[in-house]
Structure formats: structure tokens, C-alpha cells
1. Please go through region 545-571 and pick out each residue that is part of a strand (DSSP E or B) and open to solvent by 40 Å² or more (accessible area, probe 1.4 Å).
2. How about region 130-146: which of its residues are over 18 Å from Ser179 (Cα atoms) and touching a residue at least 60 places away in the same chain (Cβ under 8 Å)?
3. With the requirement that a residue be open to solvent by 10 Å² or more (accessible area, probe 1.4 Å) and in contact with a helix residue (DSSP H, G or I) (Cβ under 6 Å, 6 or more places away or on another chain), what does region 198-210 give you?
4. Criterion first (surrounded by 12 or more Cβ atoms within 10 Å (Cβ to Cβ), assigned to a helix (DSSP H, G or I) and either at pLDDT 90 or above or among the charged types (D, E, K, R) (or both)) does Leu32 satisfy it?
5. Out of Val220, Val196, Val231, report the one residue that is closer than 26 Å to Gly22 by Cα and either modelled with pLDDT under 95 or outside any helix (DSSP H, G or I) (or both).
6. In region 133-143, how many residues are crowded, with 17+ Cβ neighbours inside 10 Å and either of a type in the set (Phe, Trp, Tyr) or in contact with a helix residue (DSSP H, G or I) (Cβ under 9 Å, 6 or more places away or on another chain) (or both)?
7. Does Asn164 qualify as being open to solvent by 10 Å² or more (accessible area, probe 1.4 Å) and touching a residue at least 60 places away in the same chain (Cβ under 8 Å)?
8. Does region 69-82 contain any residue that is on the phi < 0 side of the Ramachandran plot, buried (at least 20 other Cβ atoms within 10 Å of the Cβ) and either among the small types (Gly, Ala, Ser) or outside any helix (DSSP H, G or I) (or both)?
Amino acid sequence: MSASKLDAVYRSILLTKFFTKGWGKPENLKRLFEFRKVVSNREECFKLIDRNYPVTITKEQNLTDCHLLEGYFLSPLEKYLPGIVPEIAQKAHFQILLPVHWPDPQCKPVCLHLAGTGDHFFWRRRNLMVKPLLKEAGIGGIILENPFYGLRKPTDQVRSSLHNVSDIFVMGGCLILESLVLFHWCERNGLGPLGVTGLSMGGHMASLAATNWPKPLVLVPCLSWSTASAVFLQGVMSHSINWDLLEDQYLSDGVYREKLSKMVTIVDEAFLAGKKFAQTYSQNMDHGNSNTDAKKNAIIDSLNSDMLKNVDITYKEIKGDKRGDVNISNNNIVKPEVPVDESKSSDVSEENLKDDLKKLLEDNKITKVLYDKLASNKNFELTPKDIEDINKLTDGRIKLLLLKSKDLKTNSDDTETREVNSNNNDIHENKNPTNVCENLTNNTEDKKMENKESDLMLATNKKDKKPWTVSDLTSDLWVNLPFFKSTGKKIDISKIHWRDREALQFMRGIMDECTHLSNFSVPYDTSLIIAVCAKHDAYVPRDDVGTLEEIWPGAEVRYVDAGHVSAYILHQSLFRSCIVEAFERSKKKWKDGEHF
């Protein structure tokens, strides 16, 4: 997917910064993660909102072109998670525009419009979406004010700059429950069929709200996708986040690492890893059999992806400083304590490798097919199943096995790689990646000269060592990456992958946990869903995440040949036409919740 340059330029000139105070209180995040499991289940979530939930109408006015109502109600989230919603945001304000005369008295369609990023108050949605829909198709509209926006914005918040990462989840939780309140209100007043829509962040919030209504509901999410994680980690909005602040806070408070990180799952991990393996391997192997470096990189890059979906690759601090092996049942990987045997620290021969492999085969720890591949002197391809089997090995020799396999199958005369292999025991002994870097840079005099400045910095920082933060399965492939060396530079999100830094992995995990649509119920009737996406959207990347069609079979996705900003400016009429079409589908298929 090619990204729009206009999106990048537009984002660069905005002053809005996100999460300026950090992650938010750990106890608030914990409560939100636990509550997510309730609201993600339609049956359980629907029970939370009483059909007669109190709603106060403060204004009712007949205008020349519409009937206007304004009102408010207490956000249900405050009832179930007291104190988590700022006081000023606890009152949910809304505005309703209905036709003066309904074209069909038996059909009174109403669509709920949720706000995108920066959409404060009612005027923008009222003039761009609700009034035109009212005039063109006789579809009424409800405009709900977002928590942290407009009338619900904390006094110390600047524009749309949410203070904490947790605020985005509070916003989502509020909107999911508040949407149910408004749907109930519509039914009590004889309005329907019902629908929900939104642009950008509003589109994703609309998708989340639609999952919990147990009846046919029109859904038209515009310029959004299946998860918010890509928005903050890959899209242009990632540059508006102070990643250094988030990382410092994450590393300094053990609650984030030891407790909260275990409560979240990176949903697309297995999908992403398999896709990356297939693409990287095929691209590199197509360069020809003589290009051994390309083949070696294909294997290494593919192994960089953790194929085991739920494995937590952070270092675990155990009481008494004891270390264990891979514990698949608990999804934890801890650094094994490997006794040092000086007699075995020399270069490992191919014969010893085959003996190790044979023992693994005899112990039924690897399959015969995988054994044949690893024991062969020919180049080979590791399937996702092969890598999964390797990941399941609890043997402390796993890193050694991977390194030797990489070496012997690609370029047996590669002196530098052999030197890395000869130092593999040092990798086991060191808890800190910076120590590993020091050992590797001592292999040759040339490397000493080239990395002199880096070595001095590492020596200076020995007193401030950070805990080991990479998986035992992948540390041997990652130790030379630049972020392990103390350069003093800030995190450049454009030059680093989210998987390569623990704080970024945590961001990916919590965003997926609370916003990935696969963690929520499938909407009641997916045939009433028409999603509109921009082909060149730099705000909402769609690469490496599950698709809407996969998550919601039966949903329709349409694309406009534009970026995020240009689609928002130029294609409002298209968004409205999709809403009208989806309501027409609903009219033909359902009546009073009953299927024709």
C-alpha cells in the first residue's frame, strides 16, 4: 500500500501531541483490560444497559428543515468503573436532528455519528453528514460528543492531546456503552432502522459500538480498519507521540512489565510472522543460487518473527535470580542458565550438529522432515510449522542450533559468522544485550577500531544496565541492532520496528487488546456493513493486520483512490451514499428486527 504524501505533510504541520503524560495509571489500565472482556461479549455487554436507561432532553426545537433535540445522560462507564472517567467527561452530551415529516411513517431511519480525531462539538458532523443525509434521504442523525472532546474536554487538556494512552480506551469504553443507551432511546421513541457511522477514529469507534447491538444494525465505518495499533505504531500519527517518555515510564515501573504486559496479546502476531516469512524468503531466494548472502538473510529475517502467537518475549525477573526454560503453558520465556564448559567453547563442527539433531529427533522434539532439512548440507526452507516446532523446544541449545543451521546451510567459509558462533556461550552468560555487543565487537581488531566510541559508551553505562529485554530465541539475531547500543539519540519511530523495542511491543499489545475487532463479537448482520477505505491512507495502514473481510465475513469493503486527508475532504458525498445504500439494504431485509 503506497502512502499519501499529503497525509504526512498535513500531520507534520499539526501541533497536536498525544499521550504527553504517559501510559496512565497502571491500576486504571488493569481495570480497563478486565472490563474489555465484558464489553467484547455482546450478550454480557448488552445486559449492562437497561432498556429504560435515563436520558434527559434539555432542548427541543422545530426548525424549518428539521426537528432538533439536545440532551445528556450519565456515561454508564462511570457506573461500572467509578473514577476512571474524568468528572467533566461523565455527562454524555448529544444532539438529534429528525425530519419534520418522515417520507414513510412506518420507516424512520436514524444513524448515530461518532467523532473522528479532533472533531469537537456538533457543528462539523451536523453540516457535513447529518443535514445532507436528512435532506437527501430522510435519514435522521444523532451526534454524540466524544469523551475528552468539546463539552467533555478536561480543562487542562490542549485541543485533542489526550494526556494518557489509557484515555483512548476510556473513550472507547464510554462510546460503546453510550451508543447502546442511544439505541435504546431510539427504540423507545419508535425510531428505526438504526445505524452507526464515523470517520477515521470515529469509524473505528462505530465498529466497536456495532458489535454489541443484538439486532440488525447498519454500519458504515469510513477511513478506519481492524485495529488502532497500526495507527499509533506505523501511521503518520506515530510521530506525534513522545516514545522516549513512554519507554522511560514503562521500564521504570515494573507493574507495566510484570503484570500488565501479561494481560494483553498481539492479535496479528502469527498472521504477521507467517506473511513476513513467505514474502522475505521468496524475494531473497529469487536472486539465484549463487547469492548466498540473500539466502542467509531470508532465513534470518524469517526467524526474527515469533511464530508462537502468544509468547511474551520480555525478560522475566524471578525471585532468587533463578532462571528457567520456555514455559509454553504460561506464555513466558525466561533466560536459561547454561553451565559454562570451556572445553566446548570452540567452533562446533557439522558432525556435532548432526549428533544434536539426531538426539532431538530420537526424543521426538523435532519431526523427521525438519531433521532432514537441518541435517542437510543444502539450502532449505523452514515452513511456519517447522518454526513453531523449533520455538517449542525447551532445550537451552536452541540458539546454538539456529546459529549453526544458519551457518552450515548458507556459507560455511564465512569467517565472521563462525566467530559469532564461537561466542554463543557468551550470549547465554550475559543478561544484558550490551555485554553481548561487547563480546562480539572483540572478535577482530578491525571491529575494535570501528566501534571504539560505542565500546566506551557501553563501558560508561555498565552501572546503569537495564534488564534483558529480548527473547532467548531471537537475541542471537538481534544483538547487533543499533537500538541496543547507547547512542543518546531519541527513538525514531520511522527507523525502528515495533517488535524491536519492549515498550513499543507493549503499545502494540494494549492497542490490539482493546481495539482489535477480532477481540469483539461479530455484528448481528454483516451484510449491512459497508466500509470505505482510502487506498493510500498513511494514517491508517492496513499492512500486516487482519482484514475486515476476514474478521467479519459478509462485510463489504470499498476503496477510494486517495489518501486519508484527501478522502476526508473530497469524498464526503461517497460516505453519505454508502450510508443511504446500507439503510436501503436494511429496509429490504428487516422490519422491526424481523427478517423478511
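1. Initially, region 545-571 is screened for residues part of a strand (DSSP E or B), giving 556-560.
Correct list: Glu556, Arg558, Tyr559.
2. Initially, region 130-146 is screened for residues over 18 Å from Ser179 (Cα atoms), giving 131-138.
Residues satisfying the conditions are Lys131, Pro132, Leu133, Leu134, Lys135, Glu136, Ala137.
3. Step one: filter region 198-210 for residues open to solvent by 10 Å² or more (accessible area, probe 1.4 Å), giving 199-201, 204-205.
Across region 198-210, the qualifying residue is only Met205.
4. Working: surrounded by 12 or more Cβ atoms within 10 Å (Cβ to Cβ): yes; assigned to a helix (DSSP H, G or I): yes; either at pLDDT 90 or above or among the charged types (D, E, K, R) (or both): yes.
Yes, satisfied.
5. On the way: Val220 fails: closer than 26 Å to Gly22 by Cα; Val196 fails: closer than 26 Å to Gly22 by Cα.
Result of the check over Val220, Val196, Val231: Val231.
6. Quick first cut of region 133-143, residues crowded, with 17+ Cβ neighbours inside 10 Å only: 133-134, 137-143.
Cutting the leftovers down to either of a type in the set (Phe, Trp, Tyr) or in contact with a helix residue (DSSP H, G or I) (Cβ under 9 Å, 6 or more places away or on another chain) (or both) gives us 133, 137, 139-143.
The number of residues fulfilling the criteria is 7.
7. On the way: open to solvent by 10 Å² or more (accessible area, probe 1.4 Å): yes; touching a residue at least 60 places away in the same chain (Cβ under 8 Å): yes.
It is true that Asn164 is open to solvent by 10 Å² or more (accessible area, probe 1.4 Å) and touching a residue at least 60 places away in the same chain (Cβ under 8 Å).
8. yes
The values are calculated or read from the model by the stated rules, or taken from the named source; none is laboratory data. Computed from a predicted model, the values in this text were never measured in an experiment. When we count neighbours, we look across all protein chains shown, and the Cβ atoms used for this are built from the backbone with ideal geometry, even at glycine. The accessibility values were calculated without ligands, DNA or RNA, using every heavy atom of the protein model including side chains. Shrake-Rupley method; radii C 1.70, N 1.55, O 1.52, S 1.80 Å.
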